[in-house]
Amino acid sequence: MLLLAWHVAGAQAALPPIETAAVRDDTRPTTREGKDLVAALHGAPTEGDLFDLASLGPSAPSAAGDAAIALLDSPRPDIRAIAAASLGYVRYPPAQQALQRVLADPADAYASAFAALALGRLGDRAALPALRRAASGYWYPPVRDYAAAAINQIEHPAPLTPFHRQEWALGRTLPYDSRCALTDRPMVLPELSIDGGRLYGIDKGEFGGGLYFDDGQGHVSQLGDMNVQAITRLGTDIIAISGLSHLGWVNGAVYKLERGQHGDWHATYWRRLPWAPYGAVAEPGQLRIVLPAADILLATDGSFSMAPCPGTRHGEWRDRVGSLRPASPSLFPKSNPLLLAGEP
């Protein structure tokens, strides 16, 4: 299992206080095999570009930090989250307000957790009010754990290790086990009849998936290649629940499905899920999304909350993976509080 870690004193032996002697050098060349890092961050950056930025630590140039702040508004959720974490590894103080904004955003718990990590590494007490709000009120419990650990790091500073690429989880997930008993509920199907045809989805696991519109007249159009577990109405919207968990790669998302002015259908990314979903259950005014070890609720306005117990059983596979439920950050030792586990 690969891990993203915020190591503190006690987590490893003899950690050097590397940040205390670091000096930002705006004249330092930032090329990697002839490719300028700052230019890459301003262009179409990859996760690897942000890993390279994190590896520079506090000596990264200010221009790179500014570019990473801009990436907190990227339409790509993976880039947003890793940009937040990278800003913590480079210890870039101008990112303070932008990171607090990401921390408070309930639409992406993964990015919020990384923003908490970054604010803890920055060590500025000005972030404490925002972190305390998150620690007591963020809708998803693991983010509360990350915020609490960041508060502890600011109030009781401990040496931090530099970025090590192998510590980054391949998965894009934030696991949590509600410890709820499970019950059987009727799951939403990955198919919905609409005026003029039907929308349907396919989920073949690691072998692929797809989201389609069939007009019933022999014409089928593809809206996307995501793995689809459910399609349903939520208020006035039509949404698709999508995700995949395979060999350490974990993702989950909610898409809005909309008809264009010429009658064509398209899928628009709407919300990120903290884990790959098994499916969904329709409830009055909301949707219960079934994750591996917890259920969450999605309201018509796009807000999330934790679903009350009992949780939802999802067939034989749900029972089988029950013993493999990942531990939440709160279950890790206090000396090593910020671990984001990849898929077991």
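The values are calculated or read from the model by the stated rules, or taken from the named source; none is laboratory data. Everything numeric here is computed off the predicted structure, so don't read it as measured data. Methodologically, a virtual Cβ is constructed for each residue, glycine included, from the backbone with ideal geometry; neighbour enumeration extends over all protein chains shown. All accessible areas refer to the heavy atoms of the entire protein, side chains included, with ligands and DNA or RNA removed. Shrake-Rupley method; radii C 1.70, N 1.55, O 1.52, S 1.80 Å.
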Open item on the list: Among the listed residues Ala181, Ala149, Ala126, identify the single one that is closer than 21 Å to Ser86 by Cβ, out of contact with any helix residue (DSSP H, G or I) (no Cβ under 6 Å at 6 or more places or on another chain) and surrounded by fewer than 20 Cβ atoms within 10 Å (Cβ to Cβ).
Closed with: Ala126
Task: Search result, residues across the stretch 279-306 that are touching a residue at least 60 places away in the same chain (Cβ under 8 Å), crowded, with 18+ Cβ neighbours inside 10 Å and touching a strand residue (DSSP E or B) at 6+ places or on another chain (Cβ under 6 Å) - done: Gly279, Ala280, Val281, Leu287, Arg288, Val290, Asp295, Ile296, Leu298, Phe304
Task: For Thr236: the one exception among (1) closer than 22 Å to Thr300 by Cα; (2) of a type outside the set (Gly, Ala, Ser); (3) within 27 Å of the chain's Cα centre (by Cα); (4) surrounded by 13 or more Cβ atoms within 10 Å (Cβ to Cβ) - done: (4)
Open item on the list: I need the full set of residues from the stretch 192-218 which are open to solvent by 40 Å² or more (accessible area, probe 1.4 Å), touching a strand residue (DSSP E or B) at 6+ places or on another chain (Cβ under 7 Å) and more than 14 Å from Tyr255 (Cα to Cα), in order please.
Closed with: Arg198, Ile202, Asp203, Glu206, Asp215, Gly216
Task: Given (1) open to solvent by less than 20 Å² (accessible area, probe 1.4 Å); (2) at pLDDT 90 or above; (3) under 19 Å from Phe304 (Cα atoms), index of the condition Trp139 fails - done: (1)
- [ ] List every residue pair whose Cβ atoms sit under 6 Å apart, with the two residues 6 or more apart in sequence or on different chains, where the first one lies in the stretch 60-81 and is within 24 Å of Leu174 (Cβ to Cβ) and the second, anywhere, is hydroxyl-bearing (Ser, Thr, Tyr) and surrounded by fewer than 23 Cβ atoms within 10 Å (Cβ to Cβ).
- [x] Arg80/Ser74
Open item on the list: Filter the stretch 238-297 down to the residues that are closer than 15 Å to Phe213 by Cβ and hydroxyl-bearing (Ser, Thr, Tyr) and list them by number.
Closed with: Tyr255, Thr268
